[in-house]
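The values are calculated or read from the model by the stated rules, or taken from the named source; none is laboratory data. All of these numbers come straight from a predicted model, not from anything done at the bench. Reconstructed Cβ throughout: ideal geometry from the backbone, glycine too, with neighbour counts over all protein chains shown. With ligands, DNA and RNA removed, areas are computed over all heavy atoms of the protein, side chains included. Shrake-Rupley method; radii C 1.70, N 1.55, O 1.52, S 1.80 Å.
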Amino acid sequence: VLRNVKVLGWRSNGDGVHVFDSWTVSDLFLRTQDDSLYLSCGDKCSATFDRITTWNDANGVAFLFSPGGGSAEAGVVLRDSDAIYSRTSWYWWGPNTVFVNRGDAPNHAMSGVRVENVRVEDPRPAFNPFRLELLTPAAGAAFRDITFVNITVQNFSTIRHTLDGRTPLPYGIPNSIFAAAPCSISNVAFDNVTIAGRPMRDLVRDPSIFNLSVGLVNVTVDGTPIVRAS
C-alpha cells in the first residue's frame, strides 16, 4: 500500500511513482519534471490508483501506459484523479501529455486498464491529452482492452502552428490513436469523454483534432466504432 505521499522533483529526468507487482496506491500529489505515474505493475499483476494529482512542468507525462519490460495483462485501474498542470519547457518536446502509451518493443502488450473519472484541468495545456501510439514496427506490440470513462479535458492544446511556422494548427498537435503495422490497437473504448466542453464523438472524425491510423480494431466512442483513416 502506498498512500498520502507527495513527490516534488526538480531533476529534468525525475519521475514520480512506478510500482511493481500488486499495489493499492491512493492520495498522491506528484509534481515532476519528467513522467508522473506509470499505469502498469509488471506481469500478471493488479494495481489500483485512486485520487492521484499530477503537475507536469517540463517534459513529462501525467499518466503513462507502459508494460514496464513485459506484458501488463491483469487489471490496472486509475480513478478519481486530476491532472492540474500539463506544460512543457519547449512546445516541441515530445509531445508529452496526459495519457501516453510507450510500449512498442517486440511482444510488449499493454492491456487490461480502466481509467475513470479523471479531470484534465489546465486551461492552457501544451498538448492535447491522448497520445496512444505504437510507432515502431514490432511484432507482438499491442495496446488493447483499455477503457476511458468520464474524462473531462478543460481545453485544447495551445500550440497554434507547426515547428516551421508555416502551417496553422487550430486545435494544436492532434490527439493520436495510431499503430504502425504489424503493431495493433484494439478493444479501446472512450465513454463520456469531453474536450473543451465538446463530446469526443463530435471531435474524433476531425483530422485536425484526432490522428487515426488504419487497422484500428473495435475502437469505440460512446459505443460507436470510430471512422478509420484511409
field: Matching entry among Ala196, Ala141 (being under 18 Å from the mean Cα position of the chain (by Cα) and modelled with pLDDT under 95)
entry: Ala141
query: List pairs: first in region 86-115 and among the polar types (S, T, N, Q), second at pLDDT below 80, Cβ under 6 Å, 6+ apart or cross-chain?
result: Ser111/Glu73
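May I ask you to say which residue of Pro170, Pro174 is loosely packed, with under 13 Cβ neighbours inside 10 Å, under 23 Å from Asn96 (Cβ atoms) and in contact with a Ser or Thr (Cβ under 7 Å, 6 or more places away or on another chain)? Give the derivation first.
Values: Pro174 fails: loosely packed, with under 13 Cβ neighbours inside 10 Å.
None of the other options fit; the residue is Pro170.
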query: Identify, please: which residue in region 28-44 is open to solvent by 10 Å² or more (accessible area, probe 1.4 Å) and at pLDDT below 95 and is, among those, farthest from Ser111 (Cα to Cα)?
result: Gln33
query: Does region 153-168 contain any residue that is in contact with a His (Cβ under 9 Å, 6 or more places away or on another chain) and without any contact (Cβ under 8 Å) to a residue 40 or more places away in the chain?
result: yes
field: Scope region 70-96; condition under 27 Å from Thr162 (Cβ atoms), among the hydroxyl-bearing types (Ser, Thr, Tyr) and in a loop (DSSP other than H, G, I, E, B); matching residues
entry: Thr88, Ser89, Tyr91
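If only one of Val61, Val77 is of a type outside the set (Lys, Arg), open to solvent by 20 Å² or more (accessible area, probe 1.4 Å) and under 19 Å from the mean Cα position of the chain (by Cα), which one is it?
Going through Val61, Val77 in turn, the sole match is Val77.
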Unmet requirement for Cys183, which otherwise passes all of (1) surrounded by 19 or more Cβ atoms within 10 Å (Cβ to Cβ); (2) under 21 Å from Thr88 (Cβ atoms): (2)
Of all residues in region 82-96 being under 25 Å from Phe178 (Cβ atoms) and open to solvent by less than 50 Å² (accessible area, probe 1.4 Å), the one that is modelled with the lowest pLDDT: Pro95
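In region 177-205, what count of residues is obtained for those that are assigned to a loop (DSSP other than H, G, I, E, B) and either without any contact (Cβ under 8 Å) to a residue 24 or more places away in the chain or in contact with a Cys (Cβ under 8 Å, 6 or more places away or on another chain) (or both)?
Total satisfying the criteria: 4.
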- prompt: Say we look at region 206-230 and pick out the residues that are free of Cβ contacts under 8 Å to residues at least 24 places away in the same chain and of a type in the set (S, T, N, Q); which of these is surrounded by the fewest Cβ atoms within 10 Å (Cβ to Cβ)?
  reply: Ser230
statement: Over region 97-131, the set of residues open to solvent by less than 20 Å² (accessible area, probe 1.4 Å), assigned to a loop (DSSP other than H, G, I, E, B) and either of a type outside the set (A, V, I, L, M, F, W, C) or more than 13 Å from Thr152 (Cβ to Cβ) (or both) is Thr97, Gly103, Asp122, Pro125, Ala126, Phe127, Asn128, Pro129
- prompt: Looking at region 35-54, which of the residues that are in a loop (DSSP other than H, G, I, E, B) and on the phi < 0 side of the Ramachandran plot is nearest to the chain's Cα centre (by Cα)?
  reply: Leu39
field: In region 15-27, the residues that are under 16 Å from Gly75 (Cα atoms), of a type outside the set (S, T, N, Q) and open to solvent by 30 Å² or more (accessible area, probe 1.4 Å)
entry: His18, Phe20, Asp21, Trp23
